[in-house]
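The structure appears below as structure tokens.
The values are calculated or read from the model by the stated rules, or taken from the named source; none is laboratory data. Remember, predicted model here, so these are calculated numbers, not experimental data. Every residue, glycine among them, receives a Cβ derived from its backbone with ideal geometry; neighbour counts consider all protein chains shown. Heads up: the accessible areas ignore ligands, DNA and RNA and are worked out on the full protein's heavy atoms, side chains in. Shrake-Rupley method; radii C 1.70, N 1.55, O 1.52, S 1.80 Å.
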Amino acid sequence: MLDINRKPLFNEFGDIETSKKRMINGNTTNLNDFNNMKYTWVSDWYRQGMNNFWIPEEINLAQDLKDYKRLTDDERTAYDKILSFLIFLDSIQTANLGNINNYITASEVNLCLTIQAFQEAVHSQSYSYMLDTICSPEKRNEILYQWKDDKILLERNKFIGELYNSFLESPTKENLLKTIMANYILEGIYFYSGFMFFYNLERNGKMPGSAQEIRYINRDENTHLWLFRSIIKELQLEEPEIFTDKLKNDLRDMMRIGVEHEIAWGHYVIGDNISGINKKLIEDYIKYLGNMRLTSIGLDKLYEGYDENPAEWVDRQANANSVKTDFFEAKSTAYAKAATLVDDL
Ligand code: ZN
Ligand code: ZN
């Protein structure tokens, strides 16, 4: 028995009153009416999303080509495995956002999700550009498909992939919320030990172009977190009956599993053999992020004593263009246009 309807497409008798608009199960016409938005945060989000436009090939990777050969074996293995994971995440995001969008009936939010899907596609292309520049075609293919053979990598991808699949197979309100939560965890936790690794390499004077690609990806991911947090908060208002204690516990458990997976992954790929990061820092940072992600959607934190960012340098590296990357503050402030993007190098 399904309690959520797939969005109608051409719908002559859809509602035109803004007040009747709903996040799910609304009677949408699909008309993009920019002057009549129910969800007012969308205008800021849209502006930010458009201004964040960037082109991966405009970042120069000449230094990275030299540096890659000089990485320690541990650094190179971590670089390859982390890229393999990130490529998978951004690819499945590109493919899955349309599935979520099929059930969201607020046209302005459909618009945001479409921009997000475009950005995820650019992210996967940026990794291809990195691999094409840095390694041989054979090596590139090996990295692209490492997740099929590396047991730990495959396990990670399965957790997210199966959550996304279960919504596809059984589209209920509860499964939608779990898919949205999986998205939020992916955007807010899974990318982060990878981002940390790239920023740390840059801090150690290595792979500056890769770090710059990651910085632009990171900036986009922050707006995606902002979008998903907003969708969750609107659903809390419009569909309070879904948020039972059981569901809230399930969502926190999902976050706990996500945090544990990310820490185990960070320990496996980075470990204690890379200068500047270690297992303890990874664990402290990911638990801190897990707490912050939960409290920002009104759920209780999981870990006592993890309220301070133990790796502030990550935020500094992420902020190198004076671009605000904290989605709590994400307002129309500093935008990097294509020209400044080149000038930054
Ligand atoms: Zn992405
Ligand atoms: Zn994203």
Quick test of your reading of the structure: Gly98 fulfils all but one of (1) open to solvent by 40 Å² or more (accessible area, probe 1.4 Å); (2) within 16 Å of ligand 1 (Cβ to nearest atom); (3) of a type outside the set (Ser, Thr, Tyr); (4) free of Cβ contacts under 8 Å to residues at least 60 places away in the same chain. Name the failing condition by number. (1)
State which residue is nearest to Asp250 (Cα to Cα) when the search covers only the range 290-312 and only residues that are modelled with pLDDT of 95 or more and assigned to a helix (DSSP H, G or I). Leu294
Would you confirm whether or not the range 60-72 contains a residue that is of a type in the set (Val, Ile, Thr) and part of a helix (DSSP H, G or I)? no
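Let's see how each residue does on (1) part of a helix (DSSP H, G or I); (2) touching a residue at least 40 places away in the same chain (Cβ under 8 Å); (3) surrounded by fewer than 23 Cβ atoms within 10 Å (Cβ to Cβ); (4) within 16 Å of ligand 2 (Cβ to nearest atom):
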residue	(1), (2), (3), (4)
Lys148	yes, no, yes, no
Leu153	yes, yes, yes, no
Phe159	yes, yes, yes, no
Phe167	yes, yes, yes, no
Glu187	yes, yes, no, yes
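Might you check whether a residue that is open to solvent by less than 30 Å² (accessible area, probe 1.4 Å) and more than 16 Å from the chain's Cα centre (by Cα) occurs anywhere in the range 213-232?
The initial filter retains those residues of the range 213-232 that are open to solvent by less than 30 Å² (accessible area, probe 1.4 Å), namely 213-228, 230-232.
Imposing the further condition that a residue be more than 16 Å from the chain's Cα centre (by Cα) reduces the set to none.
Checked against the condition, which is being open to solvent by less than 30 Å² (accessible area, probe 1.4 Å) and more than 16 Å from the chain's Cα centre (by Cα), the range 213-232 yields no hits at all.
May I ask you to verify whether Ile24 is assigned to a loop (DSSP other than H, G, I, E, B), over 30 Å from Ile134 (Cα atoms) and open to solvent by less than 10 Å² (accessible area, probe 1.4 Å)? Break it down stepwise before answering.
Details: assigned to a loop (DSSP other than H, G, I, E, B): yes; over 30 Å from Ile134 (Cα atoms): yes; open to solvent by less than 10 Å² (accessible area, probe 1.4 Å): yes.
Against the criterion (assigned to a loop (DSSP other than H, G, I, E, B), over 30 Å from Ile134 (Cα atoms) and open to solvent by less than 10 Å² (accessible area, probe 1.4 Å)), Ile24 qualifies.
Quick one: which of Ile87, Ile92 is buried (at least 17 other Cβ atoms within 10 Å of the Cβ), β-branched (Val, Ile, Thr) and in contact with a helix residue (DSSP H, G or I) (Cβ under 6 Å, 6 or more places away or on another chain)? Even if it seems obvious, please write down each step before you answer.
Working: Ile92 fails: in contact with a helix residue (DSSP H, G or I) (Cβ under 6 Å, 6 or more places away or on another chain).
That would be Ile87, the only listed residue that is buried (at least 17 other Cβ atoms within 10 Å of the Cβ), β-branched (Val, Ile, Thr) and in contact with a helix residue (DSSP H, G or I) (Cβ under 6 Å, 6 or more places away or on another chain).
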Of all residues in the range 264-291, count the ones that are in contact (Cβ under 8 Å) with a residue 40 or more places away in the chain and on the phi < 0 side of the Ramachandran plot. 15
